[in-house]
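One structure is given below, encoded as C-alpha cells.
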Amino acid sequence: MPPKHNFEWRSQREYHNLFVNRADNDLAGPAWRIEVVGLPGGGVPGKQVDQSDLSKLIDPSTGGFWEMMCFDDWLFDLEKIEILYSSRMVVMHVDSKFEA
C-alpha cells in the first residue's frame, strides 16, 4: 500500500505536475492529447502535451505504467491507460473510488 500521507510521493504522481499544456510553438512534434475519464465531479481538464511527455506515464521504480495517480491532491487507482496512436490521444480510466 502506498504511503498515502507522504506528500513528496503524492506530488510525484500528481496529474497537474506531470503533464503541462504545451503551446504549439513549444512542441517538438505533433501534439498528443491526454484525457481523464471516471473522476467524480466532472474530472480535470485534458492536456495537450509533447510526445516525449508520454514517458511520464511510466513509474520509474517499476518500469510499468502508473497504477495510481493523484488528481487535485486526491489519490485514485488507474483502471487502464489507452493509447490511441492514430488520433494521438491517451485516455486514462480512473476508478471512481478515492483515497483520503
Query - Those residues of segment 38-68 which are of a type in the set (Phe, Trp, Tyr) and in a loop (DSSP other than H, G, I, E, B), in sequence order - result: TRP66
**Report entry** Of residues in segment 47-68 being farther than 19 Å from ASN21 by Cα and polar (S, T, N, Q), the one surrounded by the fewest Cβ atoms within 10 Å (Cβ to Cβ)
**Finding:** SER61
Query raised in the report: Applying the selection to segment 21-72, what residues are without any contact (Cβ under 8 Å) to a residue 12 or more places away in the chain, under 23 Å from ASP95 (Cα atoms) and small (Gly, Ala, Ser)?
Result: GLY41, GLY42, SER55, SER61, GLY63, GLY64
Report task. Report, by residue number, each residue of segment 34-69 that is touching a Gly at 6+ places or on another chain (Cβ under 6 Å) and over 24 Å from TRP9 (Cβ atoms). Result -> GLU35, GLN51
Requested in this report: Give the residues of segment 69-100 that are assigned to a loop (DSSP other than H, G, I, E, B) and over 19 Å from ARG22 (Cα atoms), sorted by residue number.
Outcome: ASP72, ASP73, ALA100
Query raised in the report: Mind checking whether some residue in segment 31-38 is among the small types (Gly, Ala, Ser) and either modelled with pLDDT under 80 or more than 17 Å from the chain's Cα centre (by Cα) (or both)?
Result: no
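The values are calculated or read from the model by the stated rules, or taken from the named source; none is laboratory data. Model, not experiment: these values are computed from the prediction. Glycine also receives a Cβ, built like all others from the backbone with ideal geometry; neighbour counts cover every protein chain displayed.
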